[in-house]
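The values are calculated or read from the model by the stated rules, or taken from the named source; none is laboratory data. Every value quoted in this text rests on a predicted model; they were computed, and no experiment measured them. FYI the Cβ positions are ideal-geometry reconstructions off the backbone, even for glycines, and counts take in every protein chain you see. All accessible areas refer to the heavy atoms of the entire protein, side chains included, with ligands and DNA or RNA removed. Shrake-Rupley method; radii C 1.70, N 1.55, O 1.52, S 1.80 Å.
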Amino acid sequence: LANRLSDLHNSRFFNRASFSPRSSTCAPLPPKQKEKRKGKKSATQSLQKTVLLVLFIVFAVERGPHTAFPFSSTQLTPNSKQNTNRTNKKKKMSVVAKGAEYAVDRVAIQRLIEEEKALFESKHQKSKQLFEEAKTCLLGGVPMSWMIKWAGGFPIFVKGGKGATFTDVDGNQYLDLCLGDTGSMTGHAPDVTVAAIAAQAAKGLTFMLPTEDAVWVGKEMQRRFNLPYWQMAMTATDANRFALRLCRYLTKRPYVLVFNWCYHGTVDETFATIDDSTGNVHARPGNVGPQVDPAKTTKVIEFNDVEALERALSNYDVACVLAEPAMTNIGIIHPDPGYHEALRRLTKKYGTLLIIDETHTICAGPGGFTKKYNLEPDLLTIGKPLAGGIPAAVYGLSHDVAARLQSLISSDSIDTSGIGGTLTANALTLAAMRATLENVLTDAFFDKTIPLAGRWTQGVQSVIDEFNLPWNVTQLGNRGEYWFRREPARNGLQAVTAYDVDLDRYMHLFALNRGILLTPFHLMALVAPDTTAQQIDYHTSVFRDAVVKLIQTNSLRPSSSSSSSSRL
């Protein structure tokens with residue numbers, strides 16, 4: 001405390017110098033004034049000490065017993081390098097010395113959330129009216145239960161969209177960085193896909209027979225992912241379900257292995273997590289009516305843990321590992337160097353099949369993470385963006401897996417195998433897939449969108465650095481995400497324990513009220529080919545404004561104790 005007081009004593013506020021408002025710098029006193037001050041030195045120092053003591057007492061009472069003393073010679077100022085979209089007129093804010101932690105004031109942040117909710121409601125009167133009307137016929141007022149989980153208390157009702165933007169029924173326009181949580185990664189209503197859909201619709205939608213487009217799509221999947229044989233599904237959830245069935249059929253083993261806090265669609269076996277206290281597998285919180293106890297079907301380990309992987313496989317009872325090559329639904333979690341080599345080596349060692357789910361990681365490039373990093377899965381699943389927003393998915397098979405399945409495919413009971421569906425591989429979906437893969441999800445698409453995602457990531461990082469926030473931001477292809485922990489997580493447990501529902505809701509609402517839609521449930525941004533650099537910079541500006549408001553209102557404030565940092 002003595003050192004901190006000494007720092008303040010030597011600061012410009014108590015320096016024996018005059019303060020020039022015009023230049024905002026301290027100028028030395030003229031010689032005559034210096035002489036006059038000499039006789040008053042002792043009295044001045046006494047007054048200074050008294051003022052210091054009063055300031056300290058007031059600050060301590062106001063901020064509470066666990067607050068870091070803010071006046072220090074080590075206190076930093078914002079980086080001079082600002083994003084190009086901000087003007088120099090913006091007031092610079094002091095920030096805390098590097099390494100300091102922040103605590104979330106739950107009362108203060110709730111006030112901010114309520115303010116943003118009131119603003120949201122005032123701007124979305126027609127959406128609210130439709131929501132109330134929908135409650136009379138739709139469970140919860142929405143056609144699909146997840147849609148209730150938007151931060152404003154009710155969902156925005158959409159009028160239409162094109163490219164990287166959409167308009168709601170109240171006339172508000174949004175920069176869409178959610179893009180249907182990857183389903184519209186192509187941008188909304190790409191012209192070539194829309195034309196193909198219209199043309200096929202005029203010729204028939206579904207026949208339960210193949211079309212020529214099916215052959216083209218199969219060959220394109222071969223080229224992109226280096227797997228020789230393919231089947232269609234309606235969604236990535238279905239593709240994963242079918243792949244798990246095939247693996248159990250081939251290996252005659254009961255278990256599948258997934259990573260803690262993974263997501264692979266609504267697949268029963270994957271809605272399982274590890275109990276932190278016991279290490280046992282149990283149903284993931286929120287898992288509604290699981291058909292069986294997941295502990296009977298599923299083994300769960302942490303991502304990037306090679307030793308845990310080998311222990312789980314060593315009993316030779318795991319049919320397959322189902323893995324995103326980088327986790328994407330609990331923040332973006334990259335694999336450690338060498339992890340995928342270990343994963344492939346150990347699955348082969350113990351006779352376990354490896355399924356790679358590229359549904360989100362297609363953002364890494366035209367052939368997803370698999371092609372970019374030369375992965376060698378036995379099966380591969382992917383859905384969401386393949387048909388420009390039309391429900392579509394595929395799963396691919398290695399030569400070995402396909403050969404072992406040949407007898408099943410030729411069986412008279414193939415229609416009752418639990419694999420496939422009446423509308424699967426319909427003519428409309430295949431036409432949309434061909435148009436999208438051939439003309440939209442191309443090399444040029446990723447050449448444009450990945451650098452823009454890099455610009456988004458750098459913009460968020462610049463604000464994190466400016467205020468020394470204990471947050472991080474990561475990028476995977478044309479996808480980026482920030483998370484409320486200082487270092488990027490290496491596994492699901494690290495990520496989920498850093499999740500902060502209040503901060504998440506506030507950041508979503510603040511962006512939404514200023515015309516930016518981020519992916520719900522987490523703070524992810526996806527870049528479409530129509531997104532511009534100016535739009536990316538606008539997000540950086542809004543993100544900074546949100547952080548400034550958190551700090552100015554003491555909703556997010558420095559804490560002297562990391563234990564009081566509310567997991568930040």
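Can you tell me the mean projection area, over all orientations, of the convex hull of segment 356-471's alpha carbons? Units nm², please.
10.3 nm²
Rounded to whole Å and sorted largest first, what semi-axes of the equivalent ellipsoid does the C-alpha gyration tensor of segment 196-274 yield via the square root of 5 times each eigenvalue?
Details: eigenvalues 193, 50, 32 Å².
Taking √(5λ) for each Cα gyration eigenvalue gives 31, 16, 13 Å.
Report in % the part of the accessible area of segment 302-444 that belongs to carbon and sulfur, leaving out ligands and nucleic acids; probe 1.4 Å.
The computed percentage sits at 51.
If you average 1/r over every pair of different alpha-carbon atoms in segment 109-185 and take one over that average, what Kirkwood value in Å do you get?
Working: mean 1/r = 0.0744 Å⁻¹.
Taking the inverse mean of 1/r over all distinct Cα pairs, segment 109-185 comes out at 13.4 Å.
Along its three principal axes, how long is segment 423-568 when you only count alpha carbons? Whole Å, largest extent first please.
Between the extreme Cα coordinates on each principal axis of segment 423-568 lie 61, 34, 26 Å.
Any chance you could get the radius of gyration and Dmax over the Cα atoms of segment 495-543, in Å?
Rg then Dmax for segment 495-543, in Å: 11.8, 35.
Direction-averaged shadow area of the convex hull around the Cα atoms of segment 317-405, nm²?
On the way: hull surface 27.0 nm².
Spelled out: convex hull of the Cα atoms, projected over all directions, averaged, 6.7 nm².
What is the dipole size for segment 178-300, taken about its Cα centre, with +1 at each Lys and Arg Cβ and -1 at each Asp and Glu Cβ, in debye to the nearest 20?
The calculation lands at about 500 debye.
At 7 Å along the Cα-to-beta-carbon direction for both LYS296 and ARG404, put a label point, then send me their distance in nm to one decimal.
Reported label-point gap for LYS296 and ARG404 is 2.5 nm.
Could you give the length gained by full extension between ASP170 and GLN458, i.e. 0.36 nm per residue of separation minus their alpha carbon distance, to one decimal place?
Numbers: separation 288, 0.36 × 288 = 103.68 nm, distance 3.28 nm.
The span from ASP170 to GLN458 would gain 100.4 nm if fully extended.
Heavy-atom accessible area per residue, segment 115-223, 1.4 Å probe: how many Å²? The partial results should precede the final answer.
Details: 5930 Å² over 109 residues.
Roughly 54 Å² per residue, with all protein chains present.
Students often get this wrong, so check it: of LYS123/LYS384; LYS252/LYS299; LYS135/LYS549, which have C-alpha atoms separated by over 24 Å? Please list the in-between numbers first.
Numbers: LYS123/LYS384 31 Å; LYS252/LYS299 16 Å; LYS135/LYS549 35 Å.
Correct reply: LYS123/LYS384; LYS135/LYS549.
For segment 284-333, what ratio Rg/Rh do Cα atoms give with a Kirkwood hydrodynamic radius?
Taking Rh as the inverse mean 1/r over Cα pairs, Rg/Rh reads 0.99.
Taking the Cα centre of segment 169-236 as the origin, how large is its charge dipole in debye, to the nearest 20, when only Lys and Arg (+1) and Asp and Glu (-1) carry charge on their Cβ atoms?
Values: 4 positive and 7 negative charges, 73 e Å.
Rounded to the nearest 20 debye, it is 340 debye.
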